[in-house]
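Every number here is computed from the coordinates shown, using simple stated rules; none is lab data. Everything quoted here is computed from the prediction, not taken from an experiment. Positions of Cβ are backbone-derived with ideal geometry, glycine not excepted, and every protein chain shown enters the neighbour counts.
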Amino acid sequence: MTVLEFSTPRVAPFLLGLLRDPIIWLILLIFAVGTLTSEYYFTALNIENLMRSIAVIGLLSLGMTVVLLTGRIDLSVAALMIFSVIVGVVVMTEIGPMLGSRWLVRGNTYAGPIVPVILIALATGIAVGALNGIGVAYFKVASFIMTLVSLTALRGFNYVLTNGHPYYLKAPFYSWIGDSKMVGIPISFVIFLLVLLALMGFIHGTMRGGRFYAIGGNEKAALYAGIKTQRYVVLAYAISGLCAAIAGIIFTARLKSVDAPLAAGYELTAIAIAVIGGSALAGGVGSPWRTLLGSVAFAAGLNLLAIWGVGTWYQNLAIGVVLIISVGLSQMSRKKTQA
Amino acid sequence: MTEKVGEHVMTMSTLETQVASQARPPDAWRHLSVSETSRVAVLIALLIAGQAITPSFLSLANIHVILLAVAAIGIMAYGMTLVVITGEIDLSIAGIAILSCIAGGLMIPTGSAALVIGTTLLTGLAIGLINGILVAALGIPSLITTLGMLGISRALANIFSGGQALYPEPIAAYLWLGRGDLVGIPLPVVLLVVLGAAAIALTKYSIFGRALYATGGNVKAAALSGINVVGVRAVVFAISGACAALAGMLESARLSYINPAGFEGMELSVLAVTVLGGASLSGGSGSITGTVVAALIIGIVNNLLNQLGVSIYLQQVVTAAVILAVVMPGMWQRGIAK
């Protein structure tokens, strides 16, 4: 009885609020237009593709959302997602000979154990993210300078570490991450949903998570209220780095290779999605759940362009335009609510 | 974008500096950030080190090489410095450079040098102005505006050129811009010096220069004292766009090759030069002379790394390290970095 009393009044406003949200209507509109204009849009295969692309860009934007919550920005995510996988492979190919086995076989194919590669990649993501955070929080480097510096340095390292050649990753487990499905849902999307749930649980369910909002809302007030703001900034960047590493693993597992110039410019996409999902660049506003909606809208839109046969250059053009317009609109709506 | 509690206040307006010095106790660490003298000292040390490493370092030929390599970055950095003084940032310069060169390149079949060069410069000016209007009039953060514009202009460059490089071979005057010389001095270097002098005059000795520092120091105060802050910022972005187009054109002319995928990551090198030159990203400070010295420092470091056979990708890492080393001293300031 108590459960009923408690849940009904909460679910109804949630659903009503959802219907008032313009982004829901945008998503429905894209799906409707897609279904009407192409017979391929609403097929199992295309929805599967859509889920796969949502998983990669969604993970990047989840990390970006956490950093944006603190009022900062992370431009290094795209370079980091490739860097972490490259480090995983390179470290293991160096370790291999020490254990008396050669894991890098002909054609630059990595044939060693894949689980350590994944673990090293995840650790690298967290470590580089934390370094970004330390630079911003403790050394007081402006966040976009700090992460622009990491972006450049990581891209440089990517070329140095790979010598400009792609590594091929042929392990059954890696292919499973990239290609397999669970009750019709790609594994990559399942991983994305798990990360989303974990992040929502942390941010909305724990006191520590709530402090990101406090920092983004008014950092000085948060500091004076006794919150160790610097630690939370480092944590935010570490989360972003971890998300980037997971995105990198999913991305390269699909391609079964990793190459230095991959995923160039994905940081733009991640920022655009977070902002479409309602995150404010000034901090304090946004949520992982709304970023999910943002990534669905964004990926569905791009997918529609691709199905219509619009080329990548025009898609890039669209990303830039959408980024500027969405930030502009959110800026204006905020000014209105303040006035 | 950047909100520091104990930010630099080095505006040209004497009133403001007076107010600032009254309001804040003298901060001993402030002078530790890269000052004009230490920059010049680093430059001289590099010159001596360079000569010690390679005997041909200070030869006329190598000095030409260094200055030619610095010309494009330096000219772009003039524009960037003006933008950063107003407290904004322009990440779109590489995109503007390439789109303007492609737009100009499309005029090559007409055979008219004036049309090719004019189209290139006007395109840069126009895109810069669009940036300025979006930032100053519509209030969209410059970081986002110019990041978006970088993507847009790169995409448009590919769309207009079909992804194919263009060759300005038939336009002699165009090639002369990159390869010609005036009394023995390469033309890009002449332009670097002339534009540098113009930029110094503009920032130090003009009303517009005062307005620039005032806007960057405190937008509200500047607006209330009758400065057209929207206009100032729009003009500054337009200048940066034109500088980017010119620099792109000099490079394309030198290589006689307009590459729609060119100038990758150029914005960071230019930003590095600007910040190394003493411009604070919170606005209100910075100087063209500082930028010139910083451009020479970066040029010499790259020249030395080249002579030592360091790969271009490692040079990227070194550039990143240099810029980080320069902005790190901010850690001594109190306050919050965003």
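Residues with amide H under 5 Å of A:GLY283's amide H, sequence separation 5 or more or different chain, H placed in the peptide plane at 1.01 Å from N; which?
A:GLY71
How high is the FRET efficiency between B:TYR257 and A:LYS170 when r is their beta carbon distance and R₀ equals 41 Å, given to the nearest 0.05?
Calculated value: 0.60.
Based on the mean of other beta carbon atoms within 10 Å per residue, what is the order of A:35-46, A:231-242, most packed first? Mind showing how you got there, number by number?
Working: A:35-46: 12.4, A:231-242: 25.4.
Highest mean packing first, the order is A:231-242, A:35-46.
Considering amide H positions built from the backbone, and no H for Pro or chain starts, which residues 5 or more places from A:THR109, or on another chain, come under 5 Å of its amide H?
It is A:TYR168, by chain and number.
How would you order A:283-294, B:198-209, B:83-94 from highest to lowest mean count of nearby Cβ atoms within 10 Å?
Peptide ranking by packing, descending: B:83-94, A:283-294, B:198-209.
With +1 on the Cβ of every Lys and Arg and -1 on the Cβ of every Asp and Glu, and nothing else charged, how large is the dipole of chain B about its Cα centre, in debye rounded to the nearest 20?
The calculated dipole for chain B is roughly 440 debye.
From other protein chains only, count the Cβ atoms within 10 Å of every residue's Cβ in A:149-162, then give the mean. Spell out each step's value before the answer.
Details: counts 11, 2, 3, 12, 9, 3, 7, 11, 5, 2, 6, 6, 1, 1.
The per-residue average across the peptide is 6.
Using Cα atoms only, what is the angle between the long axis of helix B:93-105 and the major principal axis of chain B, expressed in degrees (0 to 90) to the nearest 10?
30
Putting +1 on Lys and Arg Cβ atoms and -1 on Asp and Glu Cβ atoms, find which of B:ILE258, B:ILE98, B:SER280 reaches farthest to the positive end of the dipole of chain B.
Sorting the options by dipole projection puts first B:SER280.
Whole-Hz ³J(HN,Hα) for each residue in the stretch B:55-69, computed from phi via Karplus 6.51 cos²θ - 1.76 cosθ + 1.60 with θ = phi - 60°, x for glycine and proline: what do you get?
x, 8, 4, 8, 6, 4, 4, 5, 5, 4, 4, 4, 5, 4, 5
If the viscosity is 1.306 mPa s and the temperature 10 °C, what Stokes-Einstein diffusion coefficient in µm²/s follows for chain A when Rh is the Kirkwood radius over Cα pairs?
Details: Rh = 21.0 Å.
Roughly 76 µm²/s, to the nearest whole number.
Tell me the Kirkwood hydrodynamic radius of the protein assembly as shown in angstroms, computed as one over the mean inverse distance between distinct C-alpha pairs.
26.4
For a quick check: sort A:ILE86, B:ILE227, B:ILE239 by the number of other beta carbons within 10 angstrom, fewest at the front.
B:ILE227, B:ILE239, A:ILE86
Count of lysine pairs in chain A with Cα atoms under 23 Å apart, counting only pairs 8 or more residues apart in sequence or on different chains? Before the final figure, lay out the partial values.
On the way: A:LYS140/A:LYS220; A:LYS140/A:LYS228; A:LYS170/A:LYS181; A:LYS170/A:LYS256; A:LYS181/A:LYS256; A:LYS220/A:LYS228; A:LYS220/A:LYS335.
Summing the qualifying lysine pairs gives 7.
Per-residue Cβ counts within 10 Å, from other chains only, averaged over B:315-322: what number is that?
Per residue, the average neighbour count from other chains is 5.
Compute the angle between helix B:266-276 and the longest alpha-carbon principal axis of chain B, please, reported from 0 to 90 degrees and rounded to the nearest 10.
Value to nearest ten degrees: 40.
Which of B:GLY74, B:VAL116, B:THR203 sits farthest toward the positive end of the charge dipole of the stretch B:53-329, with +1 on the Cβ of Lys and Arg and -1 on the Cβ of Asp and Glu?
Result: B:THR203.
Tell me the Rg and the Dmax, in Å, that the Cα atoms of the stretch B:80-214 produce.
For the stretch B:80-214, the Cα radius of gyration and maximum Cα-Cα distance read 16.8, 47 Å.
Treating the angle as unsigned and between 0 and 90°, give the value, to the nearest 10°, between the Cα long axis of helix B:312-327 and the longest Cα principal axis of chain B.
20
Sorted by mean Cβ packing within 10 Å, highest first, what order do the peptides B:159-166, A:97-104, B:170-177 take? Working shown, then result.
Working: B:159-166: 15.2, A:97-104: 11.2, B:170-177: 16.9.
The densest-packed peptide leads the list: B:170-177, B:159-166, A:97-104.
Near the amide H of A:LEU75, under 5 Å away, which other amide H atoms are found, from residues 5 or more places off or on another chain, if H is placed in the peptide plane?
Correct list: A:THR147, A:LEU148.
Using the 10 angstrom Cβ neighbour count as an exposure proxy, how do A:THR147, A:THR109 rank, fewest first?
Ascending Cβ contact count within 10 Å gives the list A:THR109, A:THR147.
In terms of the ratio Rg/(2.2 N^0.38 Å) built on C-alpha atoms, what value belongs to the stretch A:60-179? Let's see the in-between values first.
Numbers: Rg = 16.0 Å, N = 120, 2.2 N^0.38 = 13.6 Å.
Expressed relative to 2.2 N^0.38 Å, the Cα Rg reads 1.18.
Find the centroid of the Cα atoms in the stretch A:224-285 and in the stretch B:131-197, then give the distance between the two in whole Å.
31
Relative to the Cα centre, what is the charge dipole magnitude of the protein assembly as shown, using +1 at the beta carbon of each Lys and Arg, -1 at the beta carbon of each Asp and Glu, and rounding to the nearest 20 debye?
Its charge dipole is roughly 1140 debye.
Please report, in whole Å, how far the alpha carbons of the stretch A:246-334 spread along each principal axis, starting with the longest.
43, 30, 21
Which percent of the Cα-Cα distances in chain B go past 26 Å? Intermediate results must be reported in sequence, preceding the final value.
On the way: 27724 of 56953 pairs.
Result: 49 percent of Cα pairs exceed 26 Å.
Between A:LEU197 and A:LEU15, take the C-beta separation as r, use R0 = 30 Å, and let me know the FRET efficiency to the nearest 0.05.
According to the calculation, E is roughly 0.95.
Would you be so kind as to identify which of A:TYR138, A:ILE95, A:LEU68 lies farthest towards the positive end of the dipole of the stretch A:42-262, taking Lys and Arg as +1 and Asp and Glu as -1 on Cβ and the Cα centre as origin?
Going by the Cα projections, it comes out as A:TYR138.
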